[in-house]
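Below: one structure, written as structure tokens.
The values are calculated or read from the model by the stated rules, or taken from the named source; none is laboratory data. The structure displayed is predicted, hence computed values, not measured ones. Backbone-built Cβ (ideal geometry, glycine too); neighbour counts: all protein chains shown.
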Amino acid sequence: MAVREILRMGDTRLLTLAERVTNFSDPALATLIDDMFDTMAAAGGVGLAAPQIGVALQVVIFGFGKSERYPDAESVPETILINPFITPLGDEESLAWEGCLSVPGLRGEVPRFNRIRYRGSDRHGRPIDRDVEGFHARVVQHECDHLIGKLFPMRLRDLRRFGYTDVLFPDLQPD
């Protein structure tokens, strides 16, 4: 297990489409997932996608009890989600502030669906099927965007709602 370098916005590897995982028994997959958890914890994140550490596979992890980066957010169960598929449950969206480990120091107000269903597999290939809402839904959408080469600034509708975390939220921990 190791902490890996997190790619930052501008690195073209963050813009590529991730490939589906086909071999759930590959030891490299287990190592990747363990390294992702170590990397996310070291960076104080709430989620991480494999492309953020330079691996173009459809693997995302997320979850936390309490987050310094999002102190008002409800907890999200620790999850490994492989080959995800998201379905919005309705048309209702909300704007909320997001940051990203690949876009350090910046936050933006991003529209996301309020309620979603996500499906995929866990680390052993067993199916996952959940209906979620709120911050949980936001985190899943954000992480899954990395699998299609999107960073949160690409989703902004109003660049006036984009800036440095320490200016926008001086009481928060820096990204």
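The set of residues from segment 133-159 being assigned to a strand (DSSP E or B) and either in contact with a Cys (Cβ under 8 Å, 6 or more places away or on another chain) or surrounded by 21 or more Cβ atoms within 10 Å (Cβ to Cβ) (or both) is empty.
Going residue by residue through segment 70-90, is there one that turns out to be among the small types (Gly, Ala, Ser), without any contact (Cβ under 8 Å) to a residue 40 or more places away in the chain and under 20 Å from Leu172 (Cβ atoms)? Scanning segment 70-90, I find at least one residue that is among the small types (Gly, Ala, Ser), without any contact (Cβ under 8 Å) to a residue 40 or more places away in the chain and under 20 Å from Leu172 (Cβ atoms), so the answer is yes. Residues in segment 105-149 that are acidic (Asp, Glu) and within 22 Å of Ala43 (Cα to Cα): Glu109, Glu143, Asp145. Taking into account only those residues within segment 20-31 that are in a helix (DSSP H, G or I) and in contact with a Lys or Arg (Cβ under 9 Å, 6 or more places away or on another chain), which is surrounded by the fewest Cβ atoms within 10 Å (Cβ to Cβ)? Only one residue tops the list, namely Ala30.
Yes or no, residue by residue, for (1) part of a loop (DSSP other than H, G, I, E, B); (2) within 14 Å of Gly134 (Cα to Cα):
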residue	(1), (2)
Asp34	no, no
Pro51	no, no
Ile61	no, no
Glu74	yes, yes
Glu78	no, no
Ile82	no, no
Ser94	no, yes
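On the stretch given as segment 146-164, residues that are in contact (Cβ under 8 Å) with a residue 24 or more places away in the chain and under 18 Å from the mean Cα position of the chain (by Cα) total 9. I need the full set of residues from segment 65-85 which are closer than 23 Å to Ala18 by Cβ, buried (at least 17 other Cβ atoms within 10 Å of the Cβ) and touching a Phe, Trp or Tyr at 6+ places or on another chain (Cβ under 9 Å), in order please. Passing the criteria: Val76, Thr79, Ile80, Leu81, Ile82, Pro84.
Residue-wise test of (1) in contact with a helix residue (DSSP H, G or I) (Cβ under 7 Å, 6 or more places away or on another chain); (2) at pLDDT 95 or above.
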position: Lys66; (1), (2): no, no
position: Ile82; (1), (2): no, yes
position: Phe85; (1), (2): no, yes
position: Asp91; (1), (2): no, yes
position: Ser94; (1), (2): no, yes
position: Glu98; (1), (2): yes, yes
position: Pro104; (1), (2): no, yes
